[in-house]
1. Restricting attention to the stretch 255-286, report how many residues are more than 19 Å from the chain's Cα centre (by Cα), among the small types (Gly, Ala, Ser) and part of a helix (DSSP H, G or I).
2. Out of the stretch 135-154, which residues are more than 28 Å from the chain's Cα centre (by Cα) and either assigned to a loop (DSSP other than H, G, I, E, B) or over 16 Å from Arg179 (Cβ atoms) (or both)?
3. Return the residue satisfying two criteria in turn: it lies in the stretch 148-174 and is without any contact (Cβ under 8 Å) to a residue 24 or more places away in the chain and open to solvent by less than 40 Å² (accessible area, probe 1.4 Å), and of such residues it is nearest to Asp305 (Cα to Cα).
4. Out of the residues in the stretch 255-278 that are among the small types (Gly, Ala, Ser) and open to solvent by 20 Å² or more (accessible area, probe 1.4 Å), which is nearest to Ala101 (Cα to Cα)?
5. Is it true that some residue in the stretch 48-59 is assigned to a loop (DSSP other than H, G, I, E, B), basic (Lys, Arg) and at pLDDT below 95?
6. Just one of Ala177, Ala181, Ala191 is aliphatic (A, V, I, L, M), open to solvent by 40 Å² or more (accessible area, probe 1.4 Å) and out of contact with any strand residue (DSSP E or B) (no Cβ under 9 Å at 6 or more places or on another chain); which is it?
7. If you check Arg18 against the conditions, is it under 20 Å from the mean Cα position of the chain (by Cα) and open to solvent by 10 Å² or more (accessible area, probe 1.4 Å)?
Amino acid sequence: MSTALTVVNYHYVHTPVRGPFGRLVGRSYEDFHGQLDHIQRNFTVVGPDRLLDALAGRRPLPAKACALTFDDGYRVHHSVAFQALRARGLSGFFFPPALSALEPVVLDVHKIHFALASSTPHADMAAELRDWIDAEAGVRALEPADAYWKTYATPSRWDPPATMFIKRVLQKGLPEAARDAAVDWLFRRFAGHVEAELSRAFYMSPAELSEMIAAGMYVGCHGYAHRWLDTLSDADRREELDRSLAFLSGIGAPTDRWLMCYPYGGFNAPLLDALRPLGCVGGFTTRVATADLATDDPLLLPRLDTNDLPLRAAA
């Protein structure tokens, strides 16, 4: 009887011929298919019913079980990932923020990504952002830019200090009103896209998500507007969850025994306490490890990044 589960975390997957979003950080089309070849050769990919049964203790996982998760609701998840999985007879777990599927907006997290995908070096962009913070400090009651730099300019597994500074100070470091203004400034300054047009081309629609559900894919909760759920008040957190669940219900996704994927990987005890009474039975984090259903809290399942696995079947 197996309790081990390898969960692979995908974000952007490129099309066969790189289009207007070619500079975005993501898995290439060729490498995505090569990695699926590797996964099918070395793992047993489990779908929604099998994973939910395992979480409920109704039946064990198969040996070398693997679940494929796709965050953020990109249109390429329908045109590339879904088509590839369906052709291979596989199922995946997709987690779109509700807002970007319903309205012609670009989420703050992706406004930052599109700015970072410009040709401007990130060190130069970070320097301009620090100048913006210092110029706005008196009006918006901000700390000096140097203080934010010391806190947030720390490298991650994938990004150098300047890149992480831009991401973290704009995702959660500045006060909310200043953060919104800074993200809009960064997007206008560096991205070069019209927001409504970009939104329609970049995100999946409710109809596409419903099609995927009907074909056996799982669509779960990723919040309403991709906010750090561990930073919100009780009322704001409940609103995020309620609006996301209403959206999922509207597209035909399950809302009785459902799965959560935490935006940015952010969670805390009040969030977990709020999820359980709402019917949430599993949650995916960004902690890097193979999950063990015998020991891991089902609401805190770790995942591997796509970069943690080989990209070819022979590897």
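1. Of the residues in the stretch 255-286, 2 are more than 19 Å from the chain's Cα centre (by Cα), among the small types (Gly, Ala, Ser) and part of a helix (DSSP H, G or I).
2. Answer for the stretch 135-154, where residues must be more than 28 Å from the chain's Cα centre (by Cα) and either assigned to a loop (DSSP other than H, G, I, E, B) or over 16 Å from Arg179 (Cβ atoms) (or both): Gly138, Ala141, Leu142, Glu143, Pro144, Asp146.
3. Asp159
4. Checking each candidate, the answer is Ala274.
5. Yes, because at least one residue in the stretch 48-59 is assigned to a loop (DSSP other than H, G, I, E, B), basic (Lys, Arg) and at pLDDT below 95.
6. Result of the check over Ala177, Ala181, Ala191: Ala177.
7. So Arg18 fails the test.
Residue-wise test of (1) charged (D, E, K, R); (2) surrounded by 22 or more Cβ atoms within 10 Å (Cβ to Cβ).
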| residue | (1), (2) |
| --- | --- |
| Gly47 | no, no |
| Asp53 | yes, no |
| Ala63 | no, no |
| Asp71 | yes, yes |
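The values are calculated or read from the model by the stated rules, or taken from the named source; none is laboratory data. All of these numbers come straight from a predicted model, not from anything done at the bench. FYI the Cβ positions are ideal-geometry reconstructions off the backbone, even for glycines, and counts take in every protein chain you see. We work out accessible area using only protein heavy atoms, side chains counted, and drop any ligands, DNA or RNA first. Shrake-Rupley method; radii C 1.70, N 1.55, O 1.52, S 1.80 Å.
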